[in-house]
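K.L.:
Here it is: the structure, laid out below.
Rule-based calculations on the coordinates, nothing more; no lab input. Everything quoted here is computed from the prediction, not taken from an experiment. FYI the Cβ positions are ideal-geometry reconstructions off the backbone, even for glycines, and counts take in every protein chain you see.
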Amino acid sequence: MKDMDKVLSLKDLKTFFFTREGVAKAVNGVTLSLDKKEILGVVGESGCGKSVTGLSILRLVPHPGKIVSGEIFLDGQDLLQLPLDRMRQIRGDQISMIFQEPMISLNPAFTIGDQLMEALRVHRRISKAEARDQAVEMLRMVEIPEPERRFKEYPHQLSGGMRQRVMIAEALLLRPKVMLADEPTTALDVTIQAQVLDILYKLTQEIGTAIILITHNLGLVAEWARRVVVMYTGKIVEEGRVEQIFENACHPYTRGLLRAVPLPGQSRGGQSQALYEIKGIVPSLLHLPAGCAFHPRCPEKKDICDREEPPQVTVEEEHSVSCWLYSQRHLATEGTEITEARRNKIINEENSGFPLSRE
Amino acid sequence: MFWNRLLRNRMGMVGLAVILVNVLMAVLAPWIATHDPLKVDVVRRSAPPSQEFWFGTDDFGRDIFSRVIYGSRISLEISVLSVLVATLLGVIIGASAGYYGGWIDNLLMRFMDAIMSFPAILLAIGIMAVRGGSIYNVVLALGFVYIPRFARIVRGSVLSLKEKEFVEAALAMGIGDVTIIFRHILPNCLAPLIIQGTISLAYAILAEAALSFLGLGAPPPAPSWGNILSDARNFMLDAPWMTVFPGIAITIAVLGYNLFGDALRDVLDPRLK
């Protein structure tokens, strides 16, 4: 991938929370990049640092969190070096964000139109009439019926799906280069989810906005994203193209996540099968285990895993994993060799029959 | 929805009626009053209520009815202005403290605590004693002592509102702090402010009367309910009408504001349904 195509890239980003109990390393050395118009899925369990990564990009990490080090480049400009007022101009204009809860993400005291127009007029010098026209046009683009009427309504008069469309309209109003979507459809029911994502996808492709889709819903990622980043305790443990991750997951954590997705037909013949779960819980960010943070829960733990952090290994083009299982050094000491066959064997055993919803 | 529930609250409507009568009385005083409230009539001083002097006359022969009517002007003016001053400063202090937190919060709120640690009326007396009696000093003194209650209410609301997702969403849209405070946060804490404002009006009327009664309020001869009472206190046994009528006026007005304030609270605060 040429650097020219990259719209956003994070280099070794670290965001820590300085609590009274100690330092919680919510984002601990995240490096990732986003191409133009690309949809990048960021997945992981709750508390693995997905959302904090998103907030860090906007420099809106809540107290007592701080971005400790790293670089965030938007079109070659390091956002972490910008003065705060320049950063504010970038928020909403070049990078926008939509949140999990559309029911409470709109100000109950103002009409939909007021809120859209405010967003426009903060960033653009345009008249009220122009702002109105653009806002109504955007409501039409997110397929809200009767946009002129909805424009004058208050958030409580709209359904959840409608409100999330309004949020999308607001987030795309200024045609940003990047949109951060933090669990954008979790609060919506499944049919509305599909509609909302469909609109989101069409519009961002049209406008040319890249999306970072933060979610724990693997189905969503499989369907919409081009690449996936899997996070665990503030670190990226595996990343690759969607089909690489879903067909050829390498990290035991990724494989666990994939097995934990409930499938229709699992209880066929009246015999219900308990849903797979990754044993144990996500460790407290204050007391991370030594070595690989996943080792206490890992079914394939080796001796070295609780001593040293695993290196990042590239297993195929665009697909890399941070795990000792794939490290030449580790394998050499064990006397085994990494072969395509070995890896595929493990994967095929564990992921047999996982259907890809992407066509 | 809001208006329907308010209109169905009977006590609240009684309170609203009292407030309206009070306001009309103040605005239309020259047309309602039967005499010049300042005109001294030595011959008919301390006269009991009669056809000509409905509430009687005071020891200078001034018509008490007219003085009570005109007195409502000063009482209303002082209470409304002092509550406005307190609201304005309280909102600014409370919103800054709540929104920015940290040392700003600590500094401002400890200052508010310091004001609150004095009994309100004692502090007002102190301020009046230093600054001297005039209507505007009463407004400033009462406004000052009522700042903390507004600051506390606003700070509390802002603390919870600033964690709301719509504030986060506004931040993510690149909207500035001041706009967020005034457009996104404050309109959502109007309800507790309106309730506190109405109830504070009642307190302000009482406090103004108390200050005037002590000779520290609106300076004579201009009538305020407090200084009518103050003038009359020496004749309480011989000429009870001098104290009874302004006393009743104060009682009814305070009752009216309290009833309306309670009704607003019942209607605006969903938890008390």
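K.L.:
Determine the dipole magnitude for the range B:2-272: charges of +1 sit on the beta-carbon of Lys and Arg, -1 on that of Asp and Glu, nothing else is charged, the reference point is the Cα centre, and the result goes in debye to the nearest 20.
P.N.:
300 debye
K.L.:
Cut-off is 10 Å between beta-carbons; in what order do A:Lys11, B:Lys39, A:Lys50 appear when sorted fewest neighbours first?
P.N.:
Sorted ascending by nearby Cβ count, the order is B:Lys39, A:Lys11, A:Lys50.
K.L.:
P(r) tail for the protein assembly as shown, what percent of Cα pairs lie past 40 Å?
P.N.:
Percent of Cα pairs beyond 40 Å in the protein assembly as shown: 48.
K.L.:
To continue, here is another question. Please report the antiparallel percentage of DSSP beta bridges with both residues in chain A, rounded to the nearest 5.
P.N.:
65 percent
K.L.:
What is the magnitude of the charge dipole of the range A:104-173 about its Cα centre, with +1 placed on the Cβ of each Lys and Arg, -1 on the Cβ of each Asp and Glu, and no other charges, expressed in debye to the nearest 20?
P.N.:
120 debye
K.L.:
Here's something else I'd like to know. Per residue and in Å³, how big is the convex hull formed by the alpha-carbon atoms of the range A:112-248?
P.N.:
Normalising the Cα hull of the range A:112-248 by residue number yields 122 Å³.
K.L.:
Continuing with this model, one more query. Over the Cα atoms of chain A, each weighted equally, I'd like the Debye log10 I(q)/I(0) at q = 0.15 Å⁻¹, rounded to two decimals.
P.N.:
The Cα Debye sum returns log10 ratios of -1.35.
K.L.:
Tell me which of B:Leu81, B:Ser230, B:Val130 sits at the most positive position along the dipole axis of the range B:2-272, charges placed on C-beta atoms (Lys, Arg +1; Asp, Glu -1).
P.N.:
With unit charges placed on the Cβ atoms, the residue in question is B:Leu81.
K.L.:
Follow-up. So if I take the centroid of the Cα atoms in the range A:1-70 and the same for the range B:205-273, what is the distance between those two points in Å?
P.N.:
With the range A:1-70 and the range B:205-273 each reduced to a Cα centre, they are spaced 62 Å.
K.L.:
Sum -39500 (n - 2.57) across every DSSP H segment of at least 4 residues in chain A, then divide by the residue count to get the 222 nm mean residue ellipticity, nearest 500.
P.N.:
For chain A, the value works out to -9500 deg cm²/dmol.
K.L.:
Same structure again: For a bin width of 10 Å, list the pair-distance distribution of chain B built from all Cα-Cα distances, rounded to whole %.
P.N.:
7, 25, 28, 21, 12, 5, 2, 0
K.L.:
Have a look at the range A:104-173 and give its Rg and Dmax from the Cα atoms, expressed in angstrom.
P.N.:
Both quantities, over Cα of the range A:104-173: 10.8, 32 Å.
K.L.:
Report Rg(Cα)/(2.2 N^0.38 Å) for the range A:148-214, keeping two decimals.
P.N.:
1.11
K.L.:
Looking at A:Val242, B:Gly56, B:His184, which one has the Cα that reaches farthest to the positive end of the dipole of the protein assembly as shown (charges on Cβ: Lys, Arg +1; Asp, Glu -1)?
P.N.:
In the protein assembly as shown, that residue is B:Gly56.
K.L.:
When the convex hull of the Cα atoms of the range B:106-190 is projected onto a plane and the area is averaged over all directions, what value comes out in nm²?
P.N.:
With every direction weighted equally, the projected area is 6.9 nm².
K.L.:
If you count the DSSP beta bridges with both ends in the protein assembly as shown, what percent of them are antiparallel, to the nearest 5?
P.N.:
The antiparallel proportion sits near 65 percent.
K.L.:
Would you work out the charge dipole size for the range B:13-128 about its Cα centre, treating the Cβ of every Lys and Arg as +1 and the Cβ of every Asp and Glu as -1, and quote it to the nearest 20 debye?
P.N.:
60 debye
K.L.:
May I pose another question? Mind sorting A:Asp85, B:Asp177, B:Asp59 by how few other Cβ atoms lie within 10 Å of their own Cβ, fewest first?
P.N.:
If I rank by nearby Cβ atoms, fewest first, I get A:Asp85, B:Asp177, B:Asp59.
K.L.:
Find which of B:Gln196, B:Ala33, B:Asn4 sits farthest along the positive direction of the dipole of chain B, computed with +1 on the beta-carbon of Lys and Arg, -1 on that of Asp and Glu, about the Cα centre.
P.N.:
B:Asn4
K.L.:
Measure nothing fancy, just the Cα-based angle from helix B:10-27's long axis to the longest principal axis of chain B, in degrees from 0 to 90, nearest 10.
P.N.:
Once rounded, the angle reads 60 degrees.
K.L.:
Right, another one. Jot down the radius of gyration and Dmax of the range B:214-260, Cα atoms only, both in angstrom.
P.N.:
Taking only Cα atoms of the range B:214-260, I get Rg and Dmax of 11.7, 36 Å.
K.L.:
What ranking do A:Ile207, B:Ile19 get, fewest neighbouring Cβ atoms within 10 angstrom at the top?
P.N.:
A:Ile207, B:Ile19
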